[in-house]
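Peer 1: Take this structure, written in structure tokens, and hold onto it; I'll ask about it next.
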2 protein chains.
Amino acid sequence: MPSPARHSRRSGCPISIALETLGDGWTLLIVRDLMFKGRKTFKEFLQAEEGIASNILSERLQRLESVGIVVKLRDAQDARRYVYRLTEKGMSLAPVLLELVLWSAQFERTDAPPAVVRAMRADREAFIASARHAWKAAQRS
Amino acid sequence: MPSPARHSRRSGCPISIALETLGDGWTLLIVRDLMFKGRKTFKEFLQAEEGIASNILSERLQRLESVGIVVKLRDAQDARRYVYRLTEKGMSLAPVLLELVLWSAQFERTDAPPAVVRAMRADREAFIASARHAWKAAQRS
DNA sequence: CCGGATCCGTTTCGATACTG
DNA sequence: CAGTATCGAAACGGATCCGG
């Protein structure tokens, strides 16, 4: 979706940057998986139930890296592997993702909302705080 | 982006419905314009600075209508025209949009954040409440 | 094996032109 | 004014190949 982002000057409500990065559905899924599902390797993203193709995943990860939302690092445990992590900028998307998940949960036809959703709904601030806490903890590893 | 939405069953964090509707950048812009900028006619959307093409706009509006986010009505003032309005479901997207706009504003390189953004930042609840109030007021017209 | 890159047929998008 | 029709460009995604 190149066009709406191009002519973004002086918009009353900025949103174009979000469009460039999140306007793509796959990207949104990757960020959600990073933030809430603990996925971090190429393979884990590939195996996500939505079924992304490897070339698409590769491209999206590169783009996320280039806009500073994720970083690619060597796995500390296994130096042959890579792990992807959200940056601070990436983590700052938490409120957006949380609202998005909550909104979706309202209309998704599931018998019972998953525990994650219930935790989010109960206390948004607390949920974001704990996600950030987990993120910081994983930092040192 | 057809695929991620197709296999959406039993996701730990629902988001697929949001992907179907908001995963497209143009759609996001339309909803933002409806919610925060008071745009409501086909022409007003067309004239938005981002420059959407008429066929794209048409298709996106139809899709938004089919998923129950907007309704298409005759203009009460001028019966020859149509106006598009957010439904209750559409308005329930307000928190998502607000967080999205706030996040974008952080990284958008503008000299001063527009008044809207400052108002949002100051009090999110109040901003959403007033947006909803304006929406209800416009209902009776 | 893992993390991609490349190729290529198919689908979708979107700018422009056109119509009721 | 509010959309359709057309048609080239771009994106998608499955298969396959490659370096470590």
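Peer 1: Using a simple charge model, +1 on the beta-carbon of Lys and Arg, -1 on the beta-carbon of Asp and Glu, nothing else, what dipole does chain B show about its Cα centre, in debye to the nearest 20?
Peer 2: I would put it at about 460 debye.
Peer 1: Would you mind calculating the relative contact order of region A:40-91 from Cα pairs under 8 angstrom and at least 6 residues apart, reporting the percent as a whole number?
Peer 2: 34
Peer 1: Taking the inverse of the average 1/r across all pairs of different Cα atoms in region B:58-141, what Kirkwood radius in Å do you get?
Peer 2: 14.6
Peer 1: Which helices pass in chain B if a helix is a full DSSP H run, must span at least 15 angstrom along its long axis by Cα, and must have mean Kyte-Doolittle hydropathy not below -1.0?
Peer 2: B:25-36, B:54-66, B:94-107, B:124-139
Peer 1: Hey, which aspartates and glutamates would be in cross-link range of A:LYS37, C-alpha to C-alpha under 15 Å, not counting anything within fewer than 8 residues on its own chain?
Peer 2: Counting by Cα, and skipping residues close in sequence, A:LYS37 has these aspartates and glutamates nearby: A:GLU49, A:GLU50.
Peer 1: Using amide H atoms built in the peptide plane, which far-off residues or other-chain residues are under 5 Å from B:VAL70 H to H?
Peer 2: Placed amide hydrogens put B:GLU65, B:THR87 under 5 Å from B:VAL70.
Peer 1: Let me ask another. Given the peptides A:123-136, A:56-69, A:84-97, arrange them by the average over their residues of other C-beta atoms within 10 Å, most packed first.
Peer 2: Descending mean neighbour count gives A:84-97, A:56-69, A:123-136.
Peer 1: Here is a further query. Compute and list, largest first, the equivalent-ellipsoid semi-axes of region A:31-90 from the alpha carbon gyration tensor, each √(5λ) rounded to a whole angstrom.
Peer 2: 16, 15, 12
Peer 1: Explain nothing, just the number: dipole magnitude of the protein assembly as shown about its Cα centre with +1 on each Lys and Arg Cβ and -1 on each Asp and Glu Cβ, in debye rounded to the nearest 20.
Peer 2: Using Cβ point charges on Lys, Arg, Asp and Glu, the protein assembly as shown gives about 140 debye.
Peer 1: Another question, if that's okay. Among B:ILE52, A:ILE30, which comes first, second and so on when ranked by fewest other beta-carbon atoms within 10 Å?
Peer 2: B:ILE52, A:ILE30
Peer 1: Read phi for every residue in region A:42-48 and hand back ³J(HN,Hα) as whole Hz from Karplus 6.51 cos²θ - 1.76 cosθ + 1.60, θ = phi - 60°, with x for Gly and Pro.
Peer 2: Working through the residues one at a time gives 3, 5, 4, 5, 4, 7, 4 Hz.
Peer 1: How big, on average over all directions, is the shadow cast by the Cα convex hull of the protein assembly as shown, in nm²?
Peer 2: 15.6
Peer 1: With the dipole of region A:12-104 worked out from charges on the C-beta (+1 for Lys and Arg, -1 for Asp and Glu) around the Cα centre, which of A:LEU73, A:LEU57, A:SER92 lies farthest toward the positive end?
Peer 2: About the Cα centre, the residue reaching furthest to the positive side is A:LEU73.
Peer 1: For B:VAL83, enumerate residues with amide H under 5 Å from its amide H, sequence gap 5+ or separate chain, H modeled in the peptide plane.
Peer 2: HN-HN under 5 Å from B:VAL83: B:LEU73, B:ARG74, B:ASP75.
Peer 1: I need to check one value: relative contact order of chain A, counting alpha carbon pairs closer than 8 Å and at least 6 residues apart, in percent.
Peer 2: 17
Peer 1: Can you run the Rg to Rh ratio on chain A? Use alpha carbon positions and the Kirkwood inverse-distance Rh.
Peer 2: Across chain A, the Cα-based Rg/Rh ratio is 0.97.
Peer 1: Run lengths n ≥ 4 of DSSP H only: what is the helix-derived mean residue ellipticity at 222 nm for chain A, with -39500 (n - 2.57) per run over all residues, to the nearest 500?
Peer 2: -17000 deg cm²/dmol
Peer 1: Taking 19 Å as the cut-off for C-alpha to C-alpha distance, list the pairs among B:LYS40/B:LYS72; A:LYS40/A:LYS89; B:LYS43/B:LYS136; A:LYS40/A:LYS72 that go past it.
Peer 2: In this structure, B:LYS43/B:LYS136 lie more than 19 Å apart at Cα.
Read-outs: derived from the displayed coordinates by stated rules, not from any lab. In this text, all values refer to a predicted model and were calculated from it rather than measured experimentally. Positions of Cβ are generated from backbone atoms using ideal geometry, with glycine treated the same way; all protein chains shown enter the neighbour counts.
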